[in-house]
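So the structure is just underneath, and the comments pick up after that.
The values are calculated or read from the model by the stated rules, or taken from the named source; none is laboratory data. Keep in mind it's a predicted model, so treat the numbers as computed, not measured. Cβ coordinates were reconstructed from backbone atoms using ideal geometry, including for glycine residues, and neighbour counts include every protein chain displayed. When the accessible area is computed, the model is the full protein with side chains, heavy atoms only, and any ligands, DNA or RNA have been set aside. Shrake-Rupley method; radii C 1.70, N 1.55, O 1.52, S 1.80 Å.
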Amino acid sequence: QVQLVESGGGLVQAGGSLRLSCAASGSWLSMSAMDWYRQAPGKGRELVARITSSGATNYADSVKGRFTISRDNGKNTIYLQMNSLDPEDSAVYYCHAVGVWPPGNYWGQGTQVTVSS
């Protein structure tokens, strides 16, 4: 089975930076897209950034210009570089993958990001 493991979350002051990582492992062959979602208390899960198999990226309006999603195919890993963090960015961040083979949707367990003012 496909497994996604996030890392890199933690506590940071407003204006600071964090880099999240998501490593995919298992018997999968390819993913059509990999995403970062986040969920803050009292809010629904929000799509933050997506990167497709072709390398195209998309971002939520709230993070454009501050966050960058990237991938390392050799390591089967995606990253989310988060700069100029604001307390409103505090949330649990989840890695998500859309599998081509095996087909399916896969989720990591999440990593907490807390931005203090």
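Glu88 satisfies every condition listed in (1) among the acidic types (Asp, Glu); (2) in contact with a Phe, Trp or Tyr (Cβ under 9 Å, 6 or more places away or on another chain); (3) open to solvent by 60 Å² or more (accessible area, probe 1.4 Å) except (2).
The single condition from (1) open to solvent by 30 Å² or more (accessible area, probe 1.4 Å); (2) more than 19 Å from Gly108 (Cβ to Cβ); (3) not in a strand (DSSP E or B) that Gly16 fails is (1).
Of all residues in segment 21-34, at least one satisfies being within 14 Å of Tyr106 (Cα to Cα), of a type in the set (Gly, Ala, Ser), assigned to a loop (DSSP other than H, G, I, E, B) and open to solvent by 50 Å² or more (accessible area, probe 1.4 Å).
Looking at Asn83, Asn76, can you tell me which residue is farther than 15 Å from Met34 by Cβ, within 16 Å of the chain's Cα centre (by Cα) and of a type in the set (S, T, N, Q)? Break it down into steps so the answer makes sense when it comes.
Values: Asn76 fails: farther than 15 Å from Met34 by Cβ.
Among Asn83, Asn76, only Asn83 is farther than 15 Å from Met34 by Cβ, within 16 Å of the chain's Cα centre (by Cα) and of a type in the set (S, T, N, Q).
In the set (1) at pLDDT below 95; (2) under 15 Å from the mean Cα position of the chain (by Cα), the condition left unmet by Glu46 is number (1).
Tallying residues that are modelled with pLDDT of 95 or more and in a strand (DSSP E or B) within segment 98-117 yields 7. Are any of the residues in segment 59-67 outside any strand (DSSP E or B), in contact (Cβ under 8 Å) with a residue 12 or more places away in the chain, aliphatic (A, V, I, L, M) and open to solvent by 60 Å² or more (accessible area, probe 1.4 Å)? No: zero hits.
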